[in-house]
Amino acid sequence: MKVAVSAKEPALDSPVDSRFGRCPYYVIVETDDMSFESRENPGAGEGSGAGIRAGKLMSDLSVEYVLTGNCGPNAYRTLTAAGIRVIVGCEGTVAEVAGRLASGELTDAEGPNVDSHFGME
């Protein structure tokens, strides 16, 4: 399955970034064989709308899941409206969390877990 993980660096051994809409990178992983590609987050520095923009990018990339530390309400609505499942509270490396999902260890979020504009500096 094709999943997107919010990441601090563009690699499988990157730590998961706790921010979905404002993370520096998304690592797109095919969990069947752990092949991956990385995308720089074009909305990482935006003042508002970062989560919505990121959600639309995930839809354009046709991912089935987003794995992240935190997801705000606007991003959550955008993702779920596109049929993308969201898992929050992820920690470790990109490869570790993708592997946990593939083995059935992770469960879907029931809603956003942070307020709007989380992660703004």
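Is it the case that G49 is surrounded by 17 or more Cβ atoms within 10 Å (Cβ to Cβ) and not charged (D, E, K, R)? In short, no. Out of L106, L79, one residue alone is among the aliphatic types (A, V, I, L, M), surrounded by 21 or more Cβ atoms within 10 Å (Cβ to Cβ) and without any contact (Cβ under 8 Å) to a residue 40 or more places away in the chain. It is L79. From the list V27, V88, exactly one residue is buried (at least 20 other Cβ atoms within 10 Å of the Cβ), at pLDDT 95 or above and farther than 18 Å from G111 by Cα. Which is it? Matching residue, one of V27, V88: V27. Restricting the range 11-42 to residues that are free of Cβ contacts under 8 Å to residues at least 40 places away in the same chain and within 13 Å of the chain's Cα centre (by Cα), the residue that is nearest to E64 (Cα to Cα) is I28. Beta carbons closer than 6 Å, at least 6 apart along the sequence or on distinct chains, pair a first residue in the range 43-72 that is among the basic types (K, R) with a second that is surrounded by fewer than 21 Cβ atoms within 10 Å (Cβ to Cβ) and not in a helix (DSSP H, G or I) for R53/G43. Regarding S59, is this residue surrounded by fewer than 23 Cβ atoms within 10 Å (Cβ to Cβ), modelled with pLDDT of 95 or more and in a strand (DSSP E or B)? So S59 does not fit the description; no. In summary, R77 fulfils each of the numbered conditions (1) closer than 19 Å to D108 by Cα; (2) part of a strand (DSSP E or B); (3) out of contact with any Phe, Trp or Tyr (no Cβ under 6 Å at 6 or more places or on another chain) with the single exception of condition (2). Among residues that are in contact with a Phe, Trp or Tyr (Cβ under 6 Å, 6 or more places away or on another chain), assigned to a helix (DSSP H, G or I) and buried (at least 22 other Cβ atoms within 10 Å of the Cβ), A98 is not included.
The values are calculated or read from the model by the stated rules, or taken from the named source; none is laboratory data. This structure is a prediction, so every number in the text was calculated from the model and none was measured. No Cβ is skipped: glycine too gets one built from the backbone with ideal geometry, and neighbour counts run over all protein chains shown.
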